[in-house]
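Enquirer: Input: one structure, supplied below.
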Amino acid sequence: TKYGEVTKEFTFEEIKALINGTLFVPKNEVQFEKDSEVVVFTPEEYPEELAERLNKLFAIEEDVVQAYLLQYNKNENEKSVKYMVAVETEGSFERIAGKAIITAEGSVEKGISIDFIEIDNESGIKEGISEDFEPFYIRKQ
């Protein structure tokens, strides 16, 4: 584009989804059993490109309050790399997550998953994450 930097080239399928309104709908939902073990930690190799892309998106999304970029495994023995982006919003988490999924696409190696979770006051996630980790994005006042 002559008006700015290109940050994402859309595929034919993404253009169709944009037209029919399904582009920004999250594709899958990851659910954990109530008492399941999940190990959450600071990424061993920090995904700079992912963080940079999401920072740009969240900066223009007024509803995003803060976000954390973490790595997780379903148990201590699991070795695969999975990123978790925990996002606190004042609006529609689904809308923000949908945009973030598209923005994040291609920012990490193939085979590495990126899951988005909502930080809300009911689940207790906010206290657990904010006590142990620093956000990579905080909305400017």
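Enquirer: Bin all alpha-carbon pair distances of the stretch 68-141 at 5 Å intervals from 0 and give each bin's fraction as a whole percent.
Expert: 3, 13, 22, 26, 20, 11, 3, 1, 0
Enquirer: Quick one: putting +1 on the C-beta of Lys and Arg, -1 on the C-beta of Asp and Glu, what dipole do you get for the stretch 39-141 around its Cα centre, in Debye to the nearest 20? Before the final figure, lay out each step's value.
Expert: Values: 11 positive and 23 negative charges, 64 e Å.
The calculated dipole for the stretch 39-141 is roughly 300 debye.
Enquirer: When averaged across all projection directions, what area in nm² does the alpha-carbon convex hull of the stretch 91-134 cover? All intermediate terms of the calculation are to be shown ahead of the outcome.
Expert: Working: hull surface 16.5 nm².
One quarter of the hull surface, i.e. the mean projection, equals 4.1 nm².
Enquirer: Run through all the Cα pairs of the stretch 43-110 and give the fraction in each 5 Å bin from 0, expressed as whole percent.
Expert: Computed distribution, short to long bins: 3, 15, 28, 23, 15, 10, 4, 1.
Enquirer: Name the residues whose placed amide hydrogens come within less than 5 Å of the amide hydrogen of Asp115, ignoring near sequence neighbours (fewer than 5 apart) on the same chain.
Expert: Tyr83, Met84, Val85
We did not get these values from a lab; they are worked out from the coordinates using the rules stated. The structure presented is a predicted model; accordingly, all values stated were derived computationally and were not measured. Positions of Cβ are generated from backbone atoms using ideal geometry, with glycine treated the same way; all protein chains shown enter the neighbour counts.
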